[in-house]
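Asks: What follows is a single structure, and I will ask about it in a moment.
The values are calculated or read from the model by the stated rules, or taken from the named source; none is laboratory data. None of these values were measured; they are calculated from a predicted model. Reconstructed Cβ throughout: ideal geometry from the backbone, glycine too, with neighbour counts over all protein chains shown. The accessibility values were calculated without ligands, DNA or RNA, using every heavy atom of the protein model including side chains. Shrake-Rupley method; radii C 1.70, N 1.55, O 1.52, S 1.80 Å.
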Amino acid sequence: MAPKFTYEVKVSREKRWIVDRIFMTESEALQHAEKLVKTNAADAVRVEKERERHDGTYSSTVIFDRTCDGKRNIQVAIVAIESAPPCAGPDELYGLDARLTMWRILRKYFDNVTLSPSEILYNYNALAKLMDNDPPVYPAAVDKIASLQAPALNVDSRVRRDELYKWMDEIARRARSAEKEKRLFKESLKDYGALAEMATLISGGGEERDHLIRCAIARELYTNRNWLSKLEILLSAVAPGMSHEDLAIIDGFVADILGSAQVIQEIIGSRSTLFNALMGLIDLMEGREEDYPPKDMPEVAQVLRRMIADGSLPSGSNVLLDRIKAQISSKQPLNRVNPDKEQESFVTLMSRLSGVKGFRGGPEMAEVLTGRCSLQFKEGGVTGRKLAVGAMINMIRDPLQKIRYMISISETETGVVCADVVHKAIHQLKDAMTDINKLVPGNLSATRRLMAVTEIQKALMESVLTDSVRDQLVGMLDEVLVTFIEREGFIDRLDDPELGLRERSVRLIKFCSSGLLLEGRALELARQRIAAHLRQPNFVQHYVEGCQTQAEADEILRDLHKQLAMAGFRG
């Protein structure tokens, strides 16, 4: 009786060997093992030929033993996402919003191959590798994005899916076409000027020139499997006097690399708590120097910080903001080292993200901060959200910032379900709506105080708050301005009787047309003073006093009529 053989394919993961598959033929076992190695599905792969002896015992011989070179693709799958901003064509797939969506859904793949979205979009080999990846993450990602975008576009998800495939095929065609420009192969980021010059020579300039440069950069970065090294190469390419268009090209690639969580961890260095990490990220996002940076923070972080500070990397800064939102959204405590300071850390974080126009990051930031605030409550669901919104409003001391928060949160899903909490809080703000001193710091100039209140009125006018609530708040703020203008003698100072009629009138007219005040009673006060001047006997003669010629007088009067129209006077 012939010996009986079986072939066990074993894989090593985290230093443990387990049986993956058992085959009856050697060829099938070896074919499967080669596939596992090719896709980096484990740390190592082995095939053992098992022989069953006549006495029932077994002997084993290793006929295949290979260590995988890269990371295990077993983890490479799409990541669940809840939203994907629609795009209108292949050109918009190159945009930052689309690339951020790619990062979110293909994060595991990008980290596994150490490639960024731009490297995929502008390098045909990288894109082909993604499309052919096993497991098939590319079709899974397209299907998921199509299903998220279809409802907003009012189309069937299958129609949207086919459209996305068509656009990606066009992206691939463009990248493959750029590969034919062999003259670019000699250039690199070490001499960006020469690279740009060659791209201009080939294309003649314009968008095609920028596309060729991006393809050349993607090709150069493709062979580099170290995130920080890629970042250093890109930042080193920035030179004084670089054009806005070329800075935008570098900024796009930098932004993509900053989309990697691994990069962020290396850049900010060792941090004892999530709170400290977030504060470091906010400083980096704003280009601010830290008082006590970690000792292991790499030098490239300081270069990055300086470039963000001088405005060279706006997209990079926006990606850091997106990372900050993601980290705040996590369930990890802000201060694991000292839980008693969790609330204090949150208030500090909230204050740090607050600006003159509300939270940095707008409604999305307002919602993630509210979600973080809800972690302190045992209640979940709508009840927990309402408690969190109420707590957020109470923690924000500045009345105008309260209003800005309520405007922002009202634009989110949380705001919709918590509308009653927001409306109640607005009603309670009425006491603060009686005096500008309760709304704006008294150390600001009169003009800046007017601007602060008017900016809130504008934000309210553009908000999604109900018409009745919005109109009520705008009206109350207008009355605050009326009281302030009358009490401070604002219009009297503009209409200084020591000045000539023309100068007094021009000062008042320019004030009305400056945008410092919206339509309302406060603006009408100034208009009434102007109207009083216009009704004076012989106003025109007094207004043009000092003119040397009739032509000069006529020009001044024409300018007056233009200014009056801009100030809201008609007829």
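Asks: Can you give the Rg to Rh ratio for the stretch 489-567, taking only C-alpha atoms and Rh from Kirkwood?
Replies: Over the Cα atoms of the stretch 489-567, Rg/Rh equals 0.97.
Asks: OK, next. Note the angle between two axes, namely the Cα long axis of helix 206-222 and the longest principal axis of the Cα atoms of the chain, as a number of degrees from 0 to 90, rounded to the nearest 10.
Replies: 40 degrees
Asks: Next question. For a 21 Å ceiling on Cα separation, which of these pairs sit above it: Lys331/Lys386; Lys10/Lys38; Lys510/Lys562; Lys108/Lys230; Lys108/Lys180; Lys357/Lys438?
Replies: Lys108/Lys180
Asks: To the nearest 0.05, what FRET efficiency results for Asp169 and Ala140 with a Förster distance of 22 Å applied to their C-beta separation?
Replies: Working from the Cβ atoms, E equals 0.80.
Asks: Round to a whole angstrom and tell me the spacing of the C-alpha centers of the stretch 182-240 and the stretch 462-526.
Replies: Result: 54 Å between the Cα centres.
Asks: Scan the stretch 362-468 for GluC sites (Glu not before Pro) in coil per DSSP, keeping those whose Cβ has at most 15 other Cβ atoms within 10 Å, and list them by number.
Replies: The qualifying sites are Glu379, Glu462.
Asks: Quick one: if you stick a label point 7 Å off each Cα along the C-beta vector at Asp296 and Thr25, how many nm between them?
Replies: A separation of 5.2 nm, rounded to one decimal place.
Asks: Using +1 at the C-beta of Lys and Arg and -1 at the C-beta of Asp and Glu, which of Val319, Val337, Thr434 has the Cα lying farthest in the positive direction of the dipole of the chain?
Replies: Val337
Asks: Right, next: So how much slack lies between Glu364 and Glu179, counting 0.36 nm per residue of separation and subtracting their Cα-Cα distance, in nm?
Replies: Full extension of this stretch gives 62.6 nm more.
Asks: If you line up the long axis of helix 227-236 against the longest principal axis of the chain, both from Cα atoms, how many degrees apart are they, to the nearest 10?
Replies: Taking the Cα atoms of the chain, the angle to 227-236 is about 50 degrees.
Asks: Over all pairs of distinct alpha carbons, what does the Kirkwood formula give as the hydrodynamic radius of the chain, in Å?
Replies: 29.2 Å
Asks: Report the charge-dipole magnitude of the stretch 331-443 in Debye, nearest 20, computed about the Cα centre from +1 at each Lys and Arg Cβ and -1 at each Asp and Glu Cβ.
Replies: Charge dipole, the stretch 331-443, about its Cα centre: 160 debye, nearest 20.
Asks: Which one of Ile18, Val469, Leu36 has its Cα pushed farthest toward the positive end of the charge dipole of the chain, where Lys and Arg give +1 and Asp and Glu give -1 at the Cβ?
Replies: Ile18
Asks: Can you give me the relative contact order of the chain as a percent, contacts being Cα pairs under 8 Å and 6 or more apart?
Replies: With pairs under 8 Å counted, the relative contact order is 6 percent.
Asks: Still on this structure, please answer the following. The stretch 90-268: percent of C-alpha pairs farther apart than 31 Å?
Replies: Considering the stretch 90-268, 16 percent of its Cα-Cα pairs are separated by more than 31 Å.
Asks: Here is a follow-up. Assigning unit charges at the beta carbon (Lys, Arg +1; Asp, Glu -1) and nothing else, what dipole magnitude in debye, to the nearest 20, does the stretch 103-249 show about its Cα centre?
Replies: Dipole size: approximately 360 debye.
Asks: Could I ask something else about it? Out of the total accessible area of the stretch 304-406 (probe 1.4 Å, heavy atoms of protein only), what percent is carbon and sulfur? Could the numbers behind the result be given before it?
Replies: On the way: 2490 of 4880 Å².
C and S fraction of accessible area: 51 percent.
Asks: Right, another one. Per-residue ellipticity at 222 nm for the chain, helices alone: DSSP H runs ≥ 4 residues times -39500 (n - 2.57), over residue total, nearest 500 deg cm²/dmol?
Replies: -18500 deg cm²/dmol
Asks: To continue, here is another question. Once label points are set 7 Å from the Cα along Cα→Cβ at both Gln262 and Glu498, what is their separation, rounded to one decimal in nm?
Replies: It is 7.1 nm.
Asks: Nearest 10 degrees, 0 to 90: what angle lies between the long axis of helix 26-38 and the longest principal axis of the chain (Cα atoms)?
Replies: Once rounded, one gets 30 degrees.
Asks: Please give the charge dipole size of the chain, origin at the Cα centre, charges +1 on K and R Cβ atoms and -1 on D and E Cβ atoms. Round to the nearest 20 debye. Present the calculation step by step, with values, prior to reporting the outcome.
Replies: On the way: 78 positive and 83 negative charges, 250 e Å.
Using only the charged Cβ atoms, the result is roughly 1200 debye.
Asks: Okay, moving on. Just grab the label-to-label distance for Asn226 and Glu455, each label 7 Å out from Cα along the Cβ direction, in nm (one decimal).
Replies: In this crude label model, Asn226 to Glu455 measures out at 4.4 nm.
Asks: So, one more: Could you sort Glu552, Glu486, Glu207 by accessible area so the largest value comes first, with the probe set to 1.4 Å?
Replies: Correct descending sequence by accessible area is Glu207, Glu486, Glu552.
Asks: Taking +1 at the Cβ of each Lys and Arg and -1 at the Cβ of each Asp and Glu, which of Ser157, Ile171, Leu189 sits farthest along the dipole of the stretch 38-189 towards its positive end, judged by Cα position relative to the Cα centre?
Replies: Farthest towards the positive pole: Leu189.
Asks: Scan around Arg21 for amide H atoms under 5 Å from its own, H built in the peptide plane at 1.01 Å from N, and keep only partners 5 or more places away or cross-chain.
Replies: Val9
Asks: Gain in length, Ile81 to Ser468, computed as 0.36 nm per residue apart minus the alpha-carbon separation, to one decimal in nm?
Replies: The Ile81-Ser468 span can extend by a further 135.7 nm.
Asks: Using only C-alpha positions, report the orientation-averaged shadow area of the convex hull of the stretch 189-310, nm², one decimal.
Replies: The directionally averaged projection comes out at 7.9 nm².
Asks: So if each residue of separation counts as 0.36 nm, and I subtract the Cα-Cα distance between Cys547 and Gln376, what length gain in nm does that give?
Replies: Taking 0.36 nm per residue and subtracting the Cα distance, the gain is 54.3 nm.
Asks: Got the relative contact order for the stretch 333-483 handy, in percent, Cα pairs under 8 Å and 6 or more residues apart?
Replies: RCO, the stretch 333-483: 19 percent.
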